[in-house]
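Notes to accompany the following structure.
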Amino acid sequence: MNTNLTIFLTLTFSFILDAYADSATWNLNPTSGDWNTAANWTPPTVPDGSTDVATFDLSNTTGVSLSATTRVDSIIFNPGASSYTIVAAFELNLDGLGIINNAGVTQFFVVLQTPGNINFQNSATAGDAHFRTGPSRNQITGVAFYDTASAANATFVNRGGDLPGTTLFFDSSTAGDAMITNHPGNPNGAFTIFLNNSNAGTATIVSEGEGPGNSGVQFRGHSSADQSTIIGGGGGVGQAGQIATFTDYTTAGSATIIANGGTQSGAPGGLIIFYSFLGGAATAENSTLIANSGSNGGLGGMISFSEGTRGDNARVELSDGTVLSIESHNAPGMSLGSIEGAGHVTLGANNLTTGNNNLNTTFSGVIEDGTSPGGSLTKVREGELALSAANTYTGGTTVTAGALKVGNTSGSGTGTGAVQISAGTLGGSGVIAGVTTVGTGSGAGSFLEPSTDASRPATLTIQSALTFKADGTYTYKLTTKRARADQVIANGVTIESGAQFSFVAVANKRLTVGTVFTAISNTSANPIAGTFANLPDGSTFTVDPNTFQASYEGGDGNDLTLTVVP
């Protein structure tokens, strides 16, 4: 071949490549809004290569659309640049720095139809751009993050329709500090989905309610909600509540996840669901799970754990009309950090262990069996759980640490089953239906203290038998300033050898000689069996200016009384 011709062809071919793949700046007056037309750029070449940079300045054409699959390192908006809307009618791939906006105005990216998608790869970030995805008629469209890419501070609006708009995270990518909104559509909603080892960072993700199709957030693989805030809206008339789901080996991390209630009569609330799909145990870890009440007759939000999922140290907050359900969980049950609020807890035949996060909480709702009898409750760790309503679960209550207080005025604060205080404290001014045992006989110490953590004495009512084991202690508080004291009412009392009586005097006032305090009111016809090791029948003891004499035959003949004596 002629040498000159070879050189000419080589240069010509190189010029053609340069015309279609190189860094360039969008023109002030481009011939059209087509990204893939070289004449719209300076130099006249299309940025379409993994190292290419597409730069935008001021322009009289700010609506830009891709007419072919395109790949760049980054898209940069210079200071003073116009506000652009870039439509990814074909796939747009960002492989390097991603989107950098120095313009001081909002930059918009739109994905509405097949084969449009925007993909962030390697360590590319979405900057502070605004994205809109969906709806599409023939294929799911969206924005996807791969490798270690980040959504950074971007804003995403995913819309449902014939097919959903989506924002997806793969590999070890993160939602960063993004704001993501999923709008329901007809018939399908919109979704934000985390897969592999991706995480939600500190993003805020809102799935809006009142649409025919479900919208929501899904965690799959080994992904994590991290420290994000996730909000699921409730439905309207004939409309679904929005969903946050965790499956496989996913974790809710330290996220705050909210299921709002329905907004019209009978409309469902949002859902937070932990379940097993491929055998993995999804976990709530250190998250805060909140179910809010409905409005205008709408149903409250719901939190559900099933199969082998774990609650770990999660804090669960239930407003009136909401539900926490562990009915579908594997036996024997599961643990949570804490429960509080006024909703319903449905156990089935399972045990719910609560207290892992050491918080002091009050639950004024109802804990019940549901469709299967035998549900039970276990209180662990150092915090205090106060139950202030009538509960109906039947499998019993166990305290292994911390304090359990009952403050109900009707029914039983601990359901119908037996109550076992293996360690820790039982107290309150409520009513307990079941047989109650303080201590195990050889444990570290268990306490019955009606006024535990309270400034005033309290009366605790036990409708069945009360037993103090050898390691059990009755902590009895008497306020000398007002001559008022704790009291336990029980239907039969047994005090085993070694059990202790701990007298706590509040203030330092002299009481009137002859004043009688009933420490234990025994409603059974039988006498109290046994005495406290440090309080023999007829013995006296002095605390500050007052001396008391004990009698196990006081009151109506079989009560434990303390009488002020000279």
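All of the numbers you see were taken from the coordinates with simple rules; none came from a lab. Predicted, not measured: the structure shown is a model, and the values here were computed from it. Note that each Cβ is placed from the backbone with ideal geometry, even for glycine, and that neighbours are counted across all protein chains shown.
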Check: Just in the range 484-566: which trypsin sites (Lys or Arg not before Pro) are loop by DSSP and have at most 15 other Cβ atoms within 10 Å?
Finding: 509, 510
Next item on the list: Working from Cα positions, state the angle (0 to 90°, nearest 10) between the long axis of helix 3-20 and the longest principal axis of the chain.
Entry: 40 degrees
Checklist line | Helical contribution to [θ] at 222 nm, DSSP H n ≥ 4, -39,500 (n - 2.57), averaged over the chain, rounded to 500 | finding: -1000 deg cm²/dmol
Notebook entry, point to check: Could you state the number of Å between the C-alpha centres of the range 453-502 and the range 346-378?
Noted result: 25 Å
Next item on the list: Consider a paramagnetic label point 7 Å from the Cα of residue 277 along Cα→Cβ; state which residues of the range 165-181 have an amide N under 13 Å from it.
Entry: 169
Next item on the list: Would you work out which of 187, 564, 358 lies farthest towards the positive end of the dipole of the chain? Charges go on Cβ: Lys and Arg +1, Asp and Glu -1.
Entry: 564
Check: Out of the DSSP beta bridges found with both residues in the chain, what percent are antiparallel (nearest 5)?
Finding: 10 percent
Note to self: Cut-off is 10 Å between beta-carbons; in what order do 290, 205 appear when sorted fewest neighbours first?
What the structure shows: 290, 205
Notebook entry, point to check: Assigning unit charges at the beta carbon (Lys, Arg +1; Asp, Glu -1) and nothing else, what dipole magnitude in debye, to the nearest 20, does the chain show about its Cα centre?
Noted result: 1400 debye
Margin query: For a Förster distance of 41 Å, can you work out the FRET efficiency between the beta-carbons of residue 497 and residue 372, rounded to the nearest 0.05?
Written below: 0.55
Check: Which Cα, out of 502, 385, 414, lies furthest along the positive dipole direction of the chain (beta carbon charges, K/R +1, D/E -1)?
Finding: 502
Check: Which FRET efficiency value, to the nearest 0.05, do you get for residue 409 and residue 197 by plugging their Cβ-Cβ distance into 1/(1 + (r/R0)^6) with R0 = 41 Å?
Finding: 0.20
Margin query: Please compute the contact order of the chain in relative form: average sequence separation of alpha-carbon pairs under 8 Å and at least six residues apart, divided by the residue count, as a percent.
Written below: 4 percent
Notebook entry, point to check: For the peptides 268-276, 294-302, 51-59, what is the packing order when you average, over each peptide's residues, the other Cβ atoms within 10 Å and list the highest mean first?
Noted result: 268-276, 294-302, 51-59
